[in-house]
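A short worksheet on the structure shown next.
Readers should treat all values here as calculations from the given coordinates under stated rules, not as data from a laboratory. Worth saying up front: this structure is predicted, and the values here are computed from it rather than measured. Glycine gets a Cβ as well: all are built from the backbone with ideal geometry, and neighbour counts include every protein chain shown.
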């Protein structure tokens with residue numbers, strides 16, 4: 001699309017949100033299909049900033065004009081929203097070390113928040129790590145960030161994990177999550193990847209439309225839960241009526257005691273044991289926003305790709321995770337078979353045990369504001 005057409009689309013969406021949520025603030029984040037002026041030509045984001053000026057304060061407009069990123073502080077609760085322009089992490093910026101100064105700004109912002117004892121949400125469009133559904137994890141797998149920027153992001157999250165209480169991304173259209181681990185293998189932060197209003201029909205995966213509403217403690221910023229809604233696209237097309245329905249509540253759906261990196265770590269570890277097979281089935285159903293009601297078609301390789309994508313955000317470690325699994329499956333003589341998940345539980349138990357011995361521990365949307 002031309003830049004002019006992109007702006008018209010964005011104008012329509014902005015008007016719709018402003019009309020619908022008259023008394024609310026909207027904190028927008030640039031996506032990969034939004035206007036993205038050529039940074040090398042010295043162009044800024046003024047046209048987009050003008051569309052969103054009624055939501056963003058002057059300080060936010062200043063950094064947005066520079067590089068499409070900004071921060072907003074909720075001073076009473078000392079909660080800070082850091083809105084990233086993930087386009088600056090992709091290949092479009094070439095070999096620039098710090099496109100539009102976003103990395104230096106992010107480190108400085110997080111450092112000040114740590115000094116002021118604020119809690120922080122990081123929000124962006126394209127998430128770090130690898131798409132769990134693209135090509136079944138087979139190279140070339142789908143990554144978004146340049147590898148050096150991907151590692152830089154992980155390093156910053158580890159450094160400031162004591163103040164980062166939530167990370168919210170989208171882009172993949174799927175319903176998933178990621179866990180960031182410390183250098184010593186301790187789960188220290190989580191990332192929620194929310195599905196999209198628009199469906200997806202590619203060889204890498206498909207999904208129903210989805211919307212997500214987060215619940216959080218306004219005093220501490222801690223995320224308490226979320227409710228996922230979905231639209232059964234096939235039923236809507238048959239009846240010519242779009243009926244949005246609740247799909248699940250996070251804590252009830254997975255039996256979580258709280259929303260924390262440790263609880264999500266325990267959840268994904270349970271995917272590889274017999275008692276957790278039903279939890280993986282729930283995750284896989286949610287991953288497509290209820291388009292695929294069962295794990296039929298998701299063999300051992302598919303299941304392990306999800307595991308690696310969730311727990312290995314670092315690209316080399318993700319590749320190593322897949323290669324270890326492929327080697328174990330090949331030695332078991334089942335690499336080419338399409339076997340239902342429940343029949344591979346014992347094999348994956350042994351596989352995870354082997355991984356634990358060799359790699360001790362893995363190293364490493366939308367937002368409702370009320």
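Note on region 234-284 and region 58-123: Cα centroid distance 31 Å, given to the nearest whole angstrom. Taken over the alpha carbons of region 159-210 as equal point scatterers, the Debye sum produces base-10 log I(q)/I(0) values at 0.16, 0.32 Å⁻¹ of -0.56, -1.20. Expressed to the nearest 5 percent, the antiparallel share of DSSP beta bridges inside region 43-162 is 55 percent. Semi-axes of the equivalent ellipsoid for region 71-201, computed as √(5λ) from the eigenvalues of its C-alpha gyration tensor and ordered from largest down, come to 25, 17, 15 Å. Distance between the 7 Å Cα→Cβ label points at residue 5 and residue 46: 2.6 nm.
Take each peptide in 106-116, 313-323, 281-291, count the other Cβ atoms within 10 Å of every residue, and average; sorted highest first, the result is 281-291, 313-323, 106-116. On the principal axes of its alpha-carbon atoms, region 238-296 has extents of 43, 27, 14 Å, going from largest to smallest.
Compared with the direct C-alpha span, the chain from residue 251 to residue 111 gains 47.2 nm at full extension, assuming 0.36 nm per residue. Averaged over residues, the count of other Cβ atoms within 10 Å places the peptides 302-309, 156-163 in the sequence 302-309, 156-163, highest first.
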